[in-house]
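Q: Have a look at this one before I ask anything.
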Amino acid sequence: MRIGFFAEGDLTEQSAVHRVITLAKGLGRRGHETVVVLGSHFLLGDRNIMGPSPKSYLQAISSVRELDALVIHRTASYPTAALIGFANRSGVRTIYDFDDALYLVHNPFYAAIRTCINSVNQVAAGSHELLAYASAISEQVILLPASVDTDLFNPRLRTNSKRVTIGWIGHGPVNRRSLTTLLQPLERLSRETQVRFKLVSPLGDMALKNAFRTIPGVECDFGPDDWRPLAEMPAMIADFDVGVMPLVDSPWSRGKCGQKLVEYMAMGIPVVASAIGENNFIVDNNRDGFLVRTTEDWVTALRHLVEDETLRLAFGKRGRTKAERKYSLDRNVRSFEEILHRILDATERKTAATVKA
């Protein structure tokens, strides 16, 4: 099967890396031929924007007729809707994949999201919140959750630091508001015990660094100031004893897919996460992690895990098992392959029925 991917982001955009690049490689290992067209950075006034360029659209249009299926990732502009229409008219099966609540963003880059969802053969939503939104527009919607390469993210890479390390991975500046909800719990915890907080990464954001540096008694590590490839991430979180995912409750947060949680779990790292959105589906509270709502909840959950190594090991082991069983890249690749076969088979049956008639 020949499958094309048309993505909003480039290799510095983690959504494109996780849901396009790794998926395409996985399909390639299963004998499929893949073509990937990535977006790029460009200036719109004084803003640095990421999205498909005119060159990207031309490249996609020129290759469409050679494809069996075209996967559109995130981008939902009117030119993207036109590309989907062209692919449909060319007899190419189309899939729209998204992993954020893009329908909340009011700009031209996502203005046609309802049209994109309504015009493709299949929609793949990264969270239950996104699934509900898309299902109100189309009947052809499935959940395709966050996935993790369980060979790359593996407990055998774990290392130890002198202090118990509470860690977070992601784009610090984008998540500044959610991250600051950790300031008070860490400050309170530091009155009772010595802890280390590792933030990967603030990406040079001095305001974010200074906010955590000012917590008395908390040793801070901020990782590299530049964005690093996915292959380097396991080593950067290998010394985490607890992985955290704080979220501010908002419609945007409820649409998030919990990528960092499944990466922590694959590494055998116990988790503490805000009880918001997809986190509630990923974490089994008090079994492979803790779900929390208040500052007091955060303090209690972190205290339990910092003080109890046996609990950390038990939660981590269960999290690893869950990552292998429900969130592995291999599982997602096979699920995606099933989607492709299903929509291609449906097309062939429809064509055969038309010819017979």
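The values are calculated or read from the model by the stated rules, or taken from the named source; none is laboratory data. Just so we're clear, the structure is a prediction, and the values are computed from it rather than from any experiment. All Cβ positions, even for glycine, are placed from backbone atoms using ideal geometry, and neighbour counts span all protein chains on display.
Q: Could you check how many residues of region 197-238 are closer than 21 Å to SER161 by Cα, within 17 Å of the chain's Cα centre (by Cα) and of a type in the set (Gly, Ala, Ser)?
A: Number of matching residues: 1.
Q: So ASP97 passes all but one of these: (1) surrounded by fewer than 18 Cβ atoms within 10 Å (Cβ to Cβ); (2) touching a residue at least 60 places away in the same chain (Cβ under 8 Å); (3) charged (D, E, K, R). Which condition number does it fail?
A: For ASP97, the failing item is (1).
Q: Sort through ILE142, ILE137, ILE113 and tell me the only one that's under 27 Å from ASN48 (Cβ atoms) and not assigned by TED's automatic domain parsing to the domain that holds PHE240. Break it down stepwise before answering.
A: Values: ILE142 fails: under 27 Å from ASN48 (Cβ atoms); ILE137 fails: under 27 Å from ASN48 (Cβ atoms).
Result: ILE113 is the single residue among ILE142, ILE137, ILE113 that is under 27 Å from ASN48 (Cβ atoms) and not assigned by TED's automatic domain parsing to the domain that holds PHE240.
Q: Residues that are in contact (Cβ under 8 Å) with a residue 24 or more places away in the chain and among the β-branched types (Val, Ile, Thr): find the strands (runs of 3 or more DSSP E) completely inside region 123-206 holding 3 or more of those.
A: On the way: elements: 141-143, 164-169, 195-200.
Here the list reads 164-169.
Q: Of all the residues that make up region 84-100, how many are closer than 17 Å to LEU340 by Cα and part of a helix (DSSP H, G or I)?
A: Going residue by residue through region 84-100, those that are closer than 17 Å to LEU340 by Cα are 84, 87-88, 90-98.
Next cut, part of a helix (DSSP H, G or I) only: 84, 87-88.
Number satisfying all stated conditions: 3.
Q: Another question about this same structure. Suppose we filter region 27-36 for residues that are touching a Lys or Arg at 6+ places or on another chain (Cβ under 9 Å) and buried (at least 19 other Cβ atoms within 10 Å of the Cβ); how many remain?
A: Adding up the residues that qualify gives 1.
Q: Output the number of the condition that ALA24 fails; it satisfies all remaining conditions of (1) out of contact with any His (no Cβ under 9 Å at 6 or more places or on another chain); (2) more than 19 Å from GLY170 (Cα to Cα); (3) modelled with pLDDT of 95 or more.
A: Among (1) out of contact with any His (no Cβ under 9 Å at 6 or more places or on another chain); (2) more than 19 Å from GLY170 (Cα to Cα); (3) modelled with pLDDT of 95 or more, ALA24 violates only (1).
Q: Moving on to the next point. Just to check your reading of the model, which residue among ALA112, ALA124, ALA132 is over 21 Å from LEU329 (Cα atoms) and surrounded by 19 or more Cβ atoms within 10 Å (Cβ to Cβ)?
A: On the way: ALA124 fails: over 21 Å from LEU329 (Cα atoms); ALA132 fails: surrounded by 19 or more Cβ atoms within 10 Å (Cβ to Cβ).
After applying the criteria, what remains is ALA112.
Q: On the given criteria, is VAL262 within 15 Å of the chain's Cα centre (by Cα) and within 20 Å of ILE169 (Cβ to Cβ)? Explain how you work it out, then say what you get.
A: Working: within 15 Å of the chain's Cα centre (by Cα): yes; within 20 Å of ILE169 (Cβ to Cβ): yes.
When the stated conditions are applied, VAL262 passes them.
A quick yes/no check of all residues on (1) closer than 30 Å to GLY91 by Cβ; (2) of a type in the set (Asp, Glu); (3) part of a helix (DSSP H, G or I); (4) touching a Cys at 6+ places or on another chain (Cβ under 9 Å):
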residue: ASP249; (1), (2), (3), (4): no, yes, no, no
residue: TRP252; (1), (2), (3), (4): no, no, yes, no
residue: GLY268; (1), (2), (3), (4): no, no, no, no
residue: ASN280; (1), (2), (3), (4): no, no, yes, no
residue: ASP297; (1), (2), (3), (4): no, yes, yes, no
residue: HIS304; (1), (2), (3), (4): no, no, yes, no
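Q: Restricting to region 153-179, and then to whatever is of a type outside the set (D, E, K, R) and more than 21 Å from the chain's Cα centre (by Cα), can you tell me which residue is nearest to PHE222 (Cα to Cα)? Reasoning before the result, please.
A: Looking only at region 153-179, we keep the residues that are of a type outside the set (D, E, K, R), and these are 153-155, 157, 159-161, 164-175, 178-179.
Applying the additional criterion that residues be more than 21 Å from the chain's Cα centre (by Cα) yields 157, 159-161, 164-165.
Working: LEU157: 20, THR159: 17, ASN160: 17, SER161: 15, VAL164: 16, THR165: 12 Å.
Of everything passing the filter in region 153-179, THR165 is nearest to PHE222 (Cα to Cα).
Q: How many residues does region 30-62 hold that are among the basic types (Lys, Arg) and under 23 Å from the mean Cα position of the chain (by Cα)? Write out each step before concluding.
A: Looking only at region 30-62, we keep the residues that are among the basic types (Lys, Arg), and these are 30, 47, 55.
Remaining after also requiring under 23 Å from the mean Cα position of the chain (by Cα): 30.
Qualifying residue count, region 30-62: 1.
Q: List the strands (runs of 3 or more DSSP E) inside region 1-80, counting only whole elements, that have at least 2 residues being small (Gly, Ala, Ser) and closer than 19 Å to VAL92 by Cα. Full working, then the answer.
A: Working: elements: 2-7, 33-37, 40-44, 47-51, 69-73.
Result: 2-7.
Q: Evaluate the following for VAL92: is it among the β-branched types (Val, Ile, Thr), surrounded by fewer than 24 Cβ atoms within 10 Å (Cβ to Cβ) and over 17 Å from GLU8 (Cα atoms)? Walk me through it before giving the result.
A: Working: among the β-branched types (Val, Ile, Thr): yes; surrounded by fewer than 24 Cβ atoms within 10 Å (Cβ to Cβ): yes; over 17 Å from GLU8 (Cα atoms): yes.
Criteria met by VAL92.
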